[in-house]
Amino acid sequence: MTGTGKIHIYYGDGKGKTTAAVGQVVRAAGAGLRVLVFQFLKDNGSNERKILEQLPNVTCLPGREPVKFVSRMNGPEKAELTHYNNKALDEIVKFCSPFDVLLLDEALCAVNLNVLSEEKLASFLEHKPRGLEVILTGHEASDRLVTMADYVTLMTKIHHPYEDGVSAREGIEF
């Protein structure tokens, strides 16, 4: 891959952020690009991960087991998760140079929940390998990260079955 890699953000309250990011990963892998995937705040059993692990040119880094909602964590658990996520990002920074595309799924949520340093993430984006495309997903994106990005897509929920009492469905919402 030649040229300067771009930064992509998919965020908002609508469905489809990870789905769009995974679609970009599939497209890149299909073109022969080497893709690295890490999912913050998700365990290793997400349905998208199951298929990504089978694709040529895609490497999925292992995540934490088990995963607990941050809102249900006590102070020490949240501190441990923050340490884990920041260390994971440090390792990704060291490990990502042979790759063409990096997906950091739910990184924006981790930043928003204060379990990943925005400063560390922004520093990585400023100093990332020249040709590396970086994809970030999450519910909210700070002005700082939006300004750094080349592609920014806001997913806006207009209507969702959850509002009618329909639970998340496997293979569709998760």
Using helices alone, what [θ] at 222 nm do you get for the chain, with -39,500 (n - 2.57) per DSSP H run of 4 or more residues, divided over all residues and rounded to the nearest 500?
-> -11000 deg cm²/dmol
Reference-scaled alpha-carbon Rg (2.2 N^0.38 Å with N residues) for region 1-91 = 1.22
Starting from the Cα gyration tensor of region 50-129, multiply each eigenvalue by 5, take the square root, and state the resulting semi-axes largest first in whole Å.
-> 23, 17, 10
So between residue 71 and residue 172, what do we pick up on full extension, going 0.36 nm a residue minus the alpha carbon distance?
-> 34.0 nm
For region 11-61, what relative contact order do you get, as a whole percent, if you take Cα pairs closer than 8 Å and at least 6 residues apart?
-> 38 percent
Straight-line reach from residue 128: which lysines have a Cα under 16 Å away, not including same-chain ones fewer than 8 places off?
-> 6, 94, 120
Computed about the Cα centre, the charge dipole of region 67-123 from +1 Lys/Arg and -1 Asp/Glu charges at the Cβ has a magnitude in debye, to the nearest 20, of 200 debye
Work out, step by step, the length gained on full extension between residue 44 and residue 152: first 0.36 nm times the residue separation, then minus their alpha carbon distance; give nm to one decimal.
-> 36.2 nm
If you plug each phi of region 68-75 into the Karplus form 6.51 cos²θ - 1.76 cosθ + 1.60 with θ = phi - 60°, what whole-Hz ³J(HN,Hα) values come out, in order, with x for Gly and Pro?
-> 10, 4, 4, 5, 9, 8, 8, x
Listed with the fewest Cβ neighbours within 10 Å leading, 153, 147 appear as 147, 153
Semi-axes (Å, rounded, descending) of the ellipsoid equivalent to the chain per its C-alpha gyration tensor are 23, 20, 17
Ellipsoid equivalent to region 122-161 - semi-axes via the Cα gyration tensor, in Å | 25, 11, 8
Relative contact order [Cα under 8 Å, 6+ residues apart], the chain, whole percent = 39 percent
When the Cα centres of region 23-50 and region 74-105 are compared, how far apart do they sit, in Å?
-> 15 Å
Bin by bin, in steps of 5 Å, what percent of the Cα pairs in region 103-145 do you find, going until the bin that has the longest distance?
-> 5, 23, 34, 25, 10, 2
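Every number here is computed from the coordinates shown, using simple stated rules; none is lab data. Note that the structure is a prediction, hence the values are computed from the model and not measured. Here the Cβ is made from the backbone with ideal geometry for all residues, glycine too, and neighbour counts use every protein chain on show.
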